[in-house]
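Student: I have a structure here, written as structure tokens, and I will follow up with some questions on it.
FYI, it's all coordinate maths here, none of it is from the lab. Since the structure is predicted, the reported quantities are computational estimates derived from the model, not experimental observations. When we count neighbours, we look across all protein chains shown, and the Cβ atoms used for this are built from the backbone with ideal geometry, even at glycine.
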Amino acid sequence: MREVKQKDELAPEVRPEILATTPVWQHRHILDLDDFAPAEIELVLETTDAMKEVLSRPIKKVPVLRGKTVITLFYEPSTRTRSSFELAAKNLSADVISLSAQASSTVKGESLVDTLATLEALGADIVVMRHSYSGAPYIATRHMRASMVNAGDGWHAHPTQALLDLYTIREHKGGFKGLKAVIIGDIKHSRVARSNIWGLTAMGAEVSVCCPFTLLPAGLDVVQHHFPKVHIEPEIESALCGADVVMTLRLQLERQQSGLLPSIREYVKLYQLTEARLAKAKADAIVLHPGPVNEDIEISLAVAQGPQSVINEQITNGVAVRMALLYLLAGGSR
Ligand code: CP
């Protein structure tokens, strides 16, 4: 006879002491990490631990989102974010609808607001949206009752990427206080860098950003005023000196026609993360990259596939982190 599981065996287990010491989850939407308190980030990380336990079971499915509808709406290409959100929602037993702008009525002139109204009329509870315009998810929240998850908006923010990066760092380093994290690459155009700066500094890490001055966002001096733990280190060897965490960013080749770099060759010569440069960091430093990687441009293949690389772990952790976020948005901690 088939074993019938008790209800609580089917649910992810978040340690009661964490729920007791954390303010109730306040977020109806996940737009960026600038409005996340450290205790809320810790709640996401603890909930992710519970989701990893679910993913280690023979049947990686729990019924906590049964009856809920999650819609992914992508106006830009994505491999990791989209597939991991869809897997996450399915693992939580949600009904999942996947829409890409190219295959929707957007091509016939439907506006973002119309699309969202349509999704809401279809019964969406959570919409996961990637959009090329910074701020698009914020506008969307004014036109819908469903929860909005920002899966990347223009140059602005990619909060779920930063949370999976934080989770991966915590797995290797045990915490964040006193860690030296270096972010190397196209900071100006990077939503990943921005969200990571919020998350890492909130959790107590020191952050250095390393890139040519042309790839620094205007106003980073203003950011530094608010983030005394963010340092600008234009020279890669000194930036890497003593680092615990090294994050390289995709050089957005599609943006390099704008004259911000003399040439890709010059960038590779001065900023590629090579084995020789990585040797300046601590011996147990870990290397992250949000993907997709331009092999042998921002990072050498040897480093990307080397023993310090946690790039594949980041992708794997993305599913558990996104399960945790969908669970919390659906009221899991209440
Ligand atoms: N890191 C990231 O956002 O990757 P995708 O563009 O493949 O989703």
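Student: Evaluate the charge dipole of region 159-311 about its Cα centre and quote only its size in Debye, nearest 20, assuming +1 on the Cβ of each Lys and Arg and -1 on the Cβ of each Asp and Glu.
Tutor: The dipole magnitude comes to about 280 debye.
Student: Could you tell me how far the Cα centroid of region 134-182 sits from the Cα centroid of region 60-105, in Å?
Tutor: The distance from the Cα centre of region 60-105 to that of region 134-182 comes to 17 Å.
Student: Still on this structure, please answer the following. Towards the positive end of the charge dipole of region 228-334, with charges on Cβ (+1 Lys, Arg; -1 Asp, Glu), say which of Gly242, Val230, Tyr271 has the farthest Cα.
Tutor: Result: Val230, furthest along the dipole toward the positive end.
Student: Can I ask one more? Taking just the C-alpha trace of region 159-311, give me its Rg and Dmax in Å.
Tutor: Rg, Dmax (Cα atoms, Å): 14.1, 41.
Student: Still on this structure: Tell me the net charge near Ala121. Cut-off is 14 Å between Cβ atoms, Ala121 excluded, with +1 for each Lys or Arg and -1 for each Asp or Glu.
Tutor: -3
Student: I've got another one for you. Just how large is the dipole of region 42-178 about the Cα centre, in debye to the nearest 20, putting +1 at every Lys and Arg Cβ and -1 at every Asp and Glu Cβ?
Tutor: 300 debye
Student: On a straight-distance basis, which lysines could pair with Lys282 in a cross-link, Cα separation under 20 angstrom, same-chain partners fewer than 8 positions away excluded?
Tutor: Candidates past the 8-residue exclusion: Lys173, Lys177, Lys180, Lys229.
Student: How large is ³J(HN,Hα), in whole Hz, for each residue of region 158-170 in order, when computed from phi with the Karplus curve 6.51 cos²θ - 1.76 cosθ + 1.60 and θ = phi - 60°, using x for Gly and Pro?
Tutor: Per-residue couplings from phi come out as 8, x, 6, 5, 5, 5, 6, 5, 4, 5, 5, 5, 4 Hz.
Student: Between Ala94 and residues 5 or more places away or on another chain, which pairs have amide H atoms under 5 Å apart, with H built 1.01 Å from N, and which residues are they?
Tutor: The answer is Leu65.
Student: Ordered by residue, what ³J(HN,Hα) values in Hz, to whole numbers, does region 290-295 give under the Karplus form 6.51 cos²θ - 1.76 cosθ + 1.60, where θ = phi - 60° and Gly and Pro are x?
Tutor: Each residue of region 290-295 in turn: x, x, x, 7, 8, 4 Hz.
Student: Pull up all non-local amide H partners of Ile299: gap of 5 or more, or a different chain, and H-to-H distance under 5 Å with H placed in the peptide plane.
Tutor: Hits under the 5 Å cutoff: Leu273.
Student: How large is the dipole of the chain about the Cα centre if only Lys and Arg carry +1 and Asp and Glu carry -1, each at its Cβ, rounded to the nearest 20 debye?
Tutor: 620 debye
Student: Which Rg and Dmax, in Å, describe the Cα atoms of the chain?
Tutor: Spelled out, the Cα radius of gyration and Dmax of the chain are 20.1, 70 Å.
Student: How would you rank 36-49, 185-198, highest first, on the average number of other Cβ atoms within 10 Å across their residues?
Tutor: Most protected by this proxy first, the peptides run 185-198, 36-49.
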